[in-house]
Amino acid sequence: MNIPFVSFLPMERELENSIRASFERVFESSRYIGGSEDRSFEIAFADYCGSKFCIGVGNGLDALMLSLKALGIKEGDEVIVPSDTYIATALAVTYVGAKPVFVEPDIRTFNIDPDRIEAAITENTKAVMPVHLYGQPCDMDPIMATAEKYGLYVVEDCAQAHGASYKGRKVGTFGIAAGFSFYPGKNLGALGDAGAVVTDDADLADKIRALGNYGSDYKYHHIYKGNNSRLDELQAAFLSAKLPHLDRMNRERQRIARVYTESIINPKIIKPYVPEGCGPVWHIYAIRCAERDALERYLNEKGIGTNKHYPIPMHLQECYKDLNIPKGSLPVAEEISSTELSIPMYYGMTDDETEYVIDAINRF
């Protein structure tokens, strides 16, 4: 049996008619930027998240970067980010001229450890950027308490967590702003690059929208030195076609995750830990194994697709050698990077495919 790490086919076949209709609607309108599709999706996604405002942007990295830029974070400032995440989180900080300060995660959840944040705060710290990694919500109560104590902004990175909840409340609604990615592989994915910011702050929403439109509040009037980062009409229309199905498709991911968690019994495997009150949406089902590379080869030989998230931690990437963080300085991130393996998780996996993956892992 061959099982890909991820497949879009089951979802795309199911939604094909509405996706094609979305394309036809935009094509007939001859409006491809800044039209009704964008506005309609923004309203729907803000409502879905429980936020007042949504601003469509070009991608998830821009969503984070524009949020920081709109908050006035700049050169000389510091932003606390988890040491274990996709590099876009740190790049957003770098792109506004600030310094990313890495704080280790809780190795059980992969998310930033709230108990380590306070020690990383300096007089230059302006914000904390928790990442709801793999679709697993961060422990937001202590993060928000620490941020309030020190007067810090909280900007949530929700790139992998569309629809995830913490104590009954959707992620993305705790900080002053939250960035989402709609990269095709996300739980809510476009058919190309796309992203959005959600916030309850009207002034911040207006500033982010202007910054993403060349710094312009109206045509040929530029109040900021902005960027070109807008959600185009086609991607907005595709996202509008998919959004009504997101919760249902997330529930299927949750069902598959339950089967994995209940049925993988190999003592060599460390399964994901879900704290009480957290409602993950399983963008990734990440296991850990001391023999990760051997396990990956074994599964691949059996036709099971895998991925590693992320094999080189950010502080050891060539692009961040200027931070002068030597190997061994962030041992939790390094441990995760050397032991984490992501196994197939996508809407449309059959019971036979799930059982095949489980059986293979248990026989390793």
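The values are calculated or read from the model by the stated rules, or taken from the named source; none is laboratory data. Every value quoted in this text rests on a predicted model; they were computed, and no experiment measured them. Don't worry about glycine lacking a Cβ; one is built from the backbone with ideal geometry, like all the others, and counts go over all protein chains shown. Side chains included, ligands, DNA and RNA excluded: accessible areas come from the protein's heavy atoms. Shrake-Rupley method; radii C 1.70, N 1.55, O 1.52, S 1.80 Å.
In table form, for the structure just shown:
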{"read-out": "Label-zone membership for the range 320-358, site Ala119, 7 angstrom Cα→C-beta point, backbone N under 13 Å", "value": "329-332"}
{"read-out": "Among Ala178, Ala333, Ala147: highest mean-square fluctuation, GNM of the chain, C-alpha pairs under 10 Å", "value": "Ala147"}
{"read-out": "Whole-percent carbon and sulfur share, accessible surface of the chain, 1.4 Å", "value": "50 percent"}
{"read-out": "Among Gly135, Gly76, Gly348, residue whose mean-square fluctuation peaks in a GNM of the chain (springs only between Cα atoms under 10 Å)", "value": "Gly76"}
{"read-out": "Contact order relative to length of the range 116-225, as percent, for alpha carbon pairs under 8 angstrom and 6 or more apart", "value": "17 percent"}
{"read-out": "Qualifying GluC sites (Glu not before Pro) in the range 213-277, DSSP loop, other Cβ atoms within 10 Å at most 16", "value": "Glu276"}
{"read-out": "Gain on full stretching of the segment that runs from Cys319 to Asp201 - 0.36 nm per residue minus C-alpha separation", "value": "39.1 nm"}
{"read-out": "For the range 117-274, alpha-carbon Rg and Dmax in angstrom", "value": "18.5, 63"}
{"read-out": "The chain: calculated mean residue ellipticity at 222 nm from DSSP helix runs of at least 4, using -39500 (n - 2.57)", "value": "-11500 deg cm²/dmol"}
{"read-out": "Spin-label pair Ser216/Arg25, simplified geometry with 7 Å Cα→Cβ offset, distance in nm", "value": "2.6 nm"}
{"read-out": "GNM flexibility winner over the chain from Glu28, Glu42, Glu301 (Cα, springs under 10 Å)", "value": "Glu28"}
{"read-out": "Cut-off of 10 Å, at most 10 other beta carbons, DSSP loop: longest stretch of the chain lacking such trypsin sites (Lys or Arg not before Pro)", "value": "1-218"}
{"read-out": "The chain: relative contact order as a whole-number percent, Cα under 8 Å and 6+ apart", "value": "23 percent"}
{"read-out": "Average accessible surface area per residue within the range 314-356, 1.4 Å rolling probe, Å²", "value": "47 Å²"}
{"read-out": "Within-12-Å neighbourhood charge of Thr199 [Cβ basis; K, R +1; D, E -1]", "value": "-3"}
{"read-out": "Cα convex hull volume per residue for the chain (Å³)", "value": "134 Å³"}
{"read-out": "Computed label-point distance, nm, for sites Arg108 and Ala294 using a 7 Å Cα→Cβ extension", "value": "2.8 nm"}
{"read-out": "The range 99-160 and the range 1-80: distance between their alpha carbon centers, rounded to Å", "value": "24 Å"}
{"read-out": "Amide N of the range 221-240 lying under 16 Å from the label point, which is placed 7 angstrom from the Cα of Ser40 along Cα→Cβ", "value": "232-240"}
{"read-out": "Estimated inter-spin distance, Tyr150 and Ile265, nm [label 7 Å along Cα→Cβ]", "value": "4.6 nm"}
{"read-out": "Label point at Asp247 placed 7 Å out along Cα→Cβ; residues across the range 133-166 whose backbone nitrogen lies under 14 Å", "value": "163-165"}
